[in-house]
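I have placed the structure first, in the form of structure tokens, so that the comments after it can refer back to it.
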Amino acid sequence: YTRGVDENGLRPPVALTERLSFLLKHAYALVEQAIEPELAGLGVSGREFAVLTLVDAEGPASQQRLAGRIGVDRTTMVALVDALEEKRLVSRRRDPNDRRAYLLETTPAGHKTLRDALKAVKLGEKQALASLTNTESATLKHALQRLVQGQPPGT
């Protein structure tokens, strides 16, 4: 998806731009196109960035709990953690309270990668939202946060 035009160079049909699902899908595509190359330059994918962010914010935490928090199945989470562990961005150790579970923690290299990735993501988001004013960008983000978190108006 290229900003404002399809693969034939045509603007999206007005009938579709009335649909929230269409707008969200294409807004996501714009953000992803701006962020993914930045993250790839740091050696992580968008999903790996999400896991790294959550491990850093909520770790040490079990893989199972974190999988539920970001909405991925157990198999996908294991693959993501394996990749992050191979890159030495997270460490995995047995949970002393539950020998069947592993706890994840961010490594020093993971902290550095996360700091760099956060800068890259902010830059990508700014590029994706370049056609909006700062106020419009902040309003959009706030509205989406409320929508996703299920907050009522006025909060």
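Observations on the model:
- The residues on offer are GLU136, GLU85, and the sole one that is more than 17 Å from the chain's Cα centre (by Cα), within 26 Å of LYS25 (Cβ to Cβ) and open to solvent by 60 Å² or more (accessible area, probe 1.4 Å) is GLU136.
- Single residue of region 9-21 satisfying the filter (assigned to a helix (DSSP H, G or I) and under 23 Å from LYS126 (Cα atoms)) that is least open to solvent (accessible area, probe 1.4 Å): THR17
- GLY124 being touching a residue at least 24 places away in the same chain (Cβ under 8 Å), in contact with a Lys or Arg (Cβ under 8 Å, 6 or more places away or on another chain) and not hydroxyl-bearing (Ser, Thr, Tyr): no
- Applying the criterion of being of a type in the set (A, V, I, L, M, F, W, C) and open to solvent by 80 Å² or more (accessible area, probe 1.4 Å) to the residues of region 139-155, the residue that is farthest from ALA67 (Cα to Cα) is LEU147.
- All positions within region 94-126 that are over 16 Å from the mean Cα position of the chain (by Cα), open to solvent by 30 Å² or more (accessible area, probe 1.4 Å) and either within 17 Å of SER45 (Cβ to Cβ) or modelled with pLDDT under 95 (or both): ARG94, PRO96, ASN97, ASP98, ARG99, ARG100, TYR102, GLU105, ALA109
- In region 48-70, of all residues being in contact (Cβ under 8 Å) with a residue 12 or more places away in the chain and aliphatic (A, V, I, L, M), the one that is surrounded by the fewest Cβ atoms within 10 Å (Cβ to Cβ) corresponds to ILE70.
- Meets criteria (surrounded by 14 or more Cβ atoms within 10 Å (Cβ to Cβ), among the charged types (D, E, K, R) and either at pLDDT 95 or above or over 21 Å from LEU30 (Cα atoms) (or both)) for ASP73: no
One line per residue, one yes/no per condition, for (1) among the acidic types (Asp, Glu); (2) in contact with a strand residue (DSSP E or B) (Cβ under 6 Å, 6 or more places away or on another chain); (3) over 27 Å from GLN127 (Cβ atoms):
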{"site": "GLU36", "(1), (2), (3)": "yes, no, no"}
{"site": "ALA40", "(1), (2), (3)": "no, no, no"}
{"site": "LEU54", "(1), (2), (3)": "no, no, no"}
{"site": "PRO60", "(1), (2), (3)": "no, yes, yes"}
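The values are calculated or read from the model by the stated rules, or taken from the named source; none is laboratory data. This one's a predicted model, so the numbers in the text were calculated from it and none came from an experiment. Here Cβ is always computed from backbone atoms with ideal geometry, including for glycine, and neighbour counts include all displayed protein chains. With ligands, DNA and RNA removed, areas are computed over all heavy atoms of the protein, side chains included. Shrake-Rupley method; radii C 1.70, N 1.55, O 1.52, S 1.80 Å.
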